[in-house]
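Below you'll find the structure, written out as structure tokens, and then a few comments.
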Amino acid sequence: MKIRKAKALGALALLSAAALAIAGCAPGNTAAPSADPEAQNSLPSTAWTRAAAADVQDGGNLRLAVDSLPVNWNIYHIDGNERNTNDIVATMLGGPFKINESGEPVLDENYASSAELVSEDPQVVEITLNPDAVWEDGTPITVADYQATWAANNGTNPEYVPVSTTGWDQVSSVEQGENEFDVKITFSSVFADWQSLLGGPLKASIGNDPTAFNTGYTTQAMPSAGPFKVRSIDSTAGIATLERNPNWWGETPKLETIVFQAVSQDQQGSSFSNGEIDAVEISANADLYQTAQNVQGAQIQASNGLTWTHITMRASDGPLADENVRKAVASIVNREQIANTANSPVGVPAITQGSYIFMPGQDGYTDGALPYDPDAGAQYLEDAGYTKDGDSWVKDGTALEFSVTVPADTATNIQRAEQIQADLGEFGIPVELVSVPVGGYFSDYIIPGDFEMVTFSWVGTAYPISSTRSLFTPVDSEQNFTGIADERLAGLWEQANNELDPEARLEIAKEIDSVLWESVPIIPIAPLPNVWAVSEGLVNWGATQFETIDWTIVGFANS
């Protein structure tokens, strides 16, 4: 269950199971990363093969693997916040902003001729939509769609279950300007990452109806407003087939069809080597790396990434409710070893993740992580009231033990959990690995909070400060799976999101990071570069850190 960057889709965080990830952090500062900065910077931001449209074949079918088909096709709903879903929906949705190779939002003229901040006090954004832009049924994309998107995501109606209300809850009105293609968004308070809200709206009929928003697209695809549309969904076979959208107003896509097929991670290598799929995400899977190297003509690509692995702890009750116990776990688990085990075998730098907001090498990044120090871990446990009794740590007659819930048939996730199990077990804390079906890993276990510890990945966006807020505050945020929220965080994040001065924002973000390292609701482990193997000739698609894929020019190079 992967989750790719929801780059221009909003300030969200995505879930994925290969890393098993969600979407939430993004780029930052030039401060030194936690390991070798030259190694980190040796990878490009985009590693795919570029080709001009004229050099791409007309026609063809691209076959891509996902861990499972969407449980909800609405990416604004919490159950739709999976990387698989976002990967598929990205072929069908766009908005005024896309992300370039450097991670900057840039205007997408397919959807708007302008989108500008026209006033700072109050903050007002005005968008001039492209009148040629339509939904797949031919209905124009208008201010009504933006009004409905705001209504569904601003948190005022409890019947909606959005991924995050961040940003939308600071909008006071969405109004029509000179005509229905002139959208004026007024904010009640400053929201610095306002472009993050403009990755693509909901259709008004969905945004205005809580039932349609929540459950209307669990078995059918959302309406397209992009170059492709869903032709068919075979839930039994786990196949979604997309075709060119006949009402797409932009350049005709090069590909004729795209097929997304559910293939378990442990089968993706053989599917790629057998020519059944055209790409495989290697991530930190050494076996896949070796398999891909033996596929004739395959190209292995590696770029910097926004995915970071971690341990999320359910801290609302039980032993993990004590921050000293959480700090003990953070001190006992050898993050450096996990990073090295994950990254070195696939030929990419092995570094650890030391920030909750920024990625190594990005503006704002500082490494505030608790160091690997079992002696410090023992002291934290003693501060929490535990004593060493033989091979166990005991408090009030009960030995300390944990469980980690893992998705079946997901090698990288299981490997990471086994390393956590080994580190804690050697220290005297037994850990049980609880295997659950990958298809329900997020929807049935993580999102409801039915776990003690899990290790998946967050996949970032190009809007790091605003997008990470919902991971940690408020306590009932749809993306806060920890069950806790430090009371200082809400105010600090409000300050950061209201600050338009970039340097001042970074200072507030550093303070947020410090508070999080004091409470340790999540233990960041390591950033994962994007490592992919793609079939010979595939161009304009592959490993990238930020860049929005232009699906009109994805295809196979002319021979």
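The values are calculated or read from the model by the stated rules, or taken from the named source; none is laboratory data. What you are looking at is a predicted structure, and each value in this text was computed from that prediction instead of being measured. Note that we place each Cβ from the backbone using ideal geometry, even for glycine, and neighbour counts take in every protein chain shown.
Based on this model, can you work out whether R488 counts as farther than 30 Å from Q290 by Cα, in contact with a helix residue (DSSP H, G or I) (Cβ under 6 Å, 6 or more places away or on another chain), among the charged types (D, E, K, R) and surrounded by fewer than 18 Cβ atoms within 10 Å (Cβ to Cβ)? Here the answer is yes, as R488 does meet what is asked. Condition check: surrounded by 19 or more Cβ atoms within 10 Å (Cβ to Cβ) and either hydrophobic (A, V, I, L, M, F, W, C) or touching a Gly at 6+ places or on another chain (Cβ under 8 Å) (or both). Does V438 satisfy that? Against the criterion (surrounded by 19 or more Cβ atoms within 10 Å (Cβ to Cβ) and either hydrophobic (A, V, I, L, M, F, W, C) or touching a Gly at 6+ places or on another chain (Cβ under 8 Å) (or both)), V438 qualifies. For segment 417-433, taking the residues that are more than 21 Å from K395 (Cβ to Cβ) and touching a helix residue (DSSP H, G or I) at 6+ places or on another chain (Cβ under 6 Å), the one that is surrounded by the most Cβ atoms within 10 Å (Cβ to Cβ) is identified as Q419. Candidates A408, A417, A342: the one that is assigned by TED's automatic domain parsing to the domain that holds I465, within 21 Å of the chain's Cα centre (by Cα) and closer than 20 Å to V531 by Cβ is A342.
Residue by residue, here is whether (1) in a strand (DSSP E or B); (2) over 14 Å from V534 (Cβ atoms) holds:
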| position | (1), (2) |
| --- | --- |
| W248 | no, yes |
| F260 | yes, yes |
| D266 | no, yes |
| D287 | no, yes |
| A292 | no, no |
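Taken across segment 310-327, residues that are more than 27 Å from V438 (Cβ to Cβ), touching a Ser or Thr at 6+ places or on another chain (Cβ under 8 Å) and in a strand (DSSP E or B) do not occur at all. For segment 105-149, name all the residues that are of a type outside the set (S, T, N, Q), outside any strand (DSSP E or B) and surrounded by fewer than 17 Cβ atoms within 10 Å (Cβ to Cβ). Hits for segment 105-149 are E109, D121, P122, P131, D132, D137, G138. Within segment 504-525, the set of residues being assigned to a helix (DSSP H, G or I) and in contact with a helix residue (DSSP H, G or I) (Cβ under 7 Å, 6 or more places away or on another chain) comprises R505, I508, A509, E511, I512, V515, L516, S519. No other residue among Q290, Q296 is out of contact with any strand residue (DSSP E or B) (no Cβ under 9 Å at 6 or more places or on another chain) and free of Cβ contacts under 8 Å to residues at least 12 places away in the same chain apart from Q290. Among the residues making up segment 218-255, a single one is aromatic (F, W, Y), over 23 Å from the mean Cα position of the chain (by Cα) and crowded, with 16+ Cβ neighbours inside 10 Å: W248. Looking only at segment 184-204, count every residue that is surrounded by 24 or more Cβ atoms within 10 Å (Cβ to Cβ), of a type outside the set (A, V, I, L, M, F, W, C) and assigned to a loop (DSSP other than H, G, I, E, B) and tell me the total. Number satisfying all stated conditions: 3.
Being in contact with a Leu (Cβ under 6 Å, 6 or more places away or on another chain) and buried (at least 19 other Cβ atoms within 10 Å of the Cβ) is true for just one of F402, F451, F456. Which residue is that?
Being in contact with a Leu (Cβ under 6 Å, 6 or more places away or on another chain) and buried (at least 19 other Cβ atoms within 10 Å of the Cβ) holds for just one of F402, F451, F456, which is F456.
Here is a yes/no grid of residues against (1) in contact (Cβ under 8 Å) with a residue 60 or more places away in the chain; (2) of a type in the set (G, A, S):
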| residue | (1), (2) |
| --- | --- |
| V125 | yes, no |
| N154 | no, no |
| V161 | yes, no |
| W168 | no, no |
| Q176 | no, no |
| N179 | no, no |
| D182 | no, no |
| L198 | yes, no |
| A212 | no, yes |
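Considering only residues in segment 479-503 that are of a type in the set (D, E) and part of a helix (DSSP H, G or I), the one that is farthest from Y76 (Cα to Cα) turns out to be E503. Pull up segment 276-287, narrow it to residues that are modelled with pLDDT under 95 and more than 22 Å from the chain's Cα centre (by Cα), then point me to the one that is surrounded by the fewest Cβ atoms within 10 Å (Cβ to Cβ). So the residue we want is D287.
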